[in-house]
Every structure is written in C-alpha cells, then in structure tokens.
1. Taking H placed 1.01 Å from N in the peptide plane, check which residues at least 5 places from ALA141 or on another chain put their amide H under 5 Å from its amide H.
2. How large is ³J(HN,Hα) for each residue in region 65-76, as worked out from phi by the Karplus curve 6.51 cos²θ - 1.76 cosθ + 1.60 (θ = phi - 60°), to whole Hz, x for Gly and Pro?
3. Given H placed on each backbone N at 1.01 Å, which residues far from ASP196 in sequence or on other chains put an amide H within less than 5 Å of it?
4. At 0.36 nm per residue, minus the direct Cα-Cα distance, what do GLN121 and GLU148 gain on full extension? Give it in nm, one decimal, please.
Amino acid sequence: MRPRRYGDAGQAFPIYLTVVAGLLFLAFAYLAVGQAAANRNGAQTAADAAALAAALDTRDKLTDEWVENLLDPVQWQGIFNGMGVVFDGCGRAEQLAAQNDATAQCGVTAGLPPGYEVEVQTTEPVGDSIVPGTESTYSKATAVAVIEPLCEFELPGEDAGNAEDAELPELTCEDRIWTLDPENLDDLPGPEDLFDVHLAD
C-alpha cells in the first residue's frame, strides 16, 4: 500500500480557503446589490404613490368645480383642461411619501394634460454592506402623474338644430354617453368617469 501524500493535501488547503473566501465575498456583494435594489424599489413606489395621490386630490376638486358649473357649459372645457382650481395636491404627495418612509419634493407640471412631478428620497439609507459608503447612501426616485379628461361634448348651438339653449350638452365619456337633465341632476358622472389619472410614461 502506498503511503498518503500529506504534502498534496496541505497544498490544496490554501486553495480551498481562497475559493471559500471568494464565494463569501460574492455572497456579500449580491446581498449589497439586493439591499440597494430593494431601497430603490421602495423609493420608486413612494414616488409613484405620492404623485398619484396629488393628482387624485386635484381630480376630485376639478370634479367638484364641474358640478358647481354644471348649468354653465361654457365653463366645462376650461375645467376639463385643469382650470378653475388651485393645484395644491403637493401636501397630499408629501403625506403619502412620509407613509412610505420617504421625503418628497413636488411641483405642478406645465401644459396639458396637467399633473404633478414628485421626487422622493428614502429616509433610511441602503445600510451597511461590503460596498463602501452604502451606510450613508439614500435612494431617490421621480414620478409624474397626469390628469386627462375622458369626456367630449358640443355646446348647444355649435351644431345647428342640435339642441335648444336651455339644454345641457351630452357628455361622451369613453364608451358611455351621459344625457344631463337640468331638472334632474341626481345621476352625474363621478371623478373616475370625467378624468383619468395615471403615471406618465
């Protein structure tokens, strides 16, 4: 029987340690990447929620403004374009961001359709990891939410013989037509019928 060659085993041991150390390093590196990705995802979720909350808040106010001016159809298009109310939904955006462990900077977007742009920063850093500096790194994300009208109408008199001046225009909101009776205003479209709120691409 040939004697065991302990010298070979001794030479293999440092290689084994190097391989294990490399694998551990990779495991910690993947963990750091996962921490950073989770932090960024949290920031994006907070930004999306904050922007949508601001836009939904203003959408509801635009709907209230439309109801108040229901008997004056001349005002409708301006309201559908975002006029007639103060765009003060940023307070709601900041509130939602705080609920998602983030701080928000919010502003109103110019042009049509109107909306909000929100940038958030997480209140918690990525955390300690094998990557230097992550313990003081905070994730940021931006989202834009817009308010688009869903309805079209023709003012009385624009289409000859279409309607008398006392009648309200029909509202065509996507696949539904709303016939509005000035004497019976119980059945009116809601905010979700009049406006679509979504994140901009």
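1. The list, which skips near neighbours in sequence, is VAL120.
2. Values, residue by residue: 5, 5, 4, 5, 9, 4, 7, 10, x, 4, 7, 4 Hz.
3. Residues meeting the criterion, in which the H sits 1.01 Å from N, are GLU148, LEU150.
4. On the way: separation 27, 0.36 × 27 = 9.72 nm, distance 2.74 nm.
Extending this stretch completely gives an extra 7.0 nm.
Every read-out reported here was derived from the displayed coordinates using simple, explicitly stated rules and does not represent laboratory data. Bear in mind that the values here come from a model prediction, so they are computed numbers and not experimental data.
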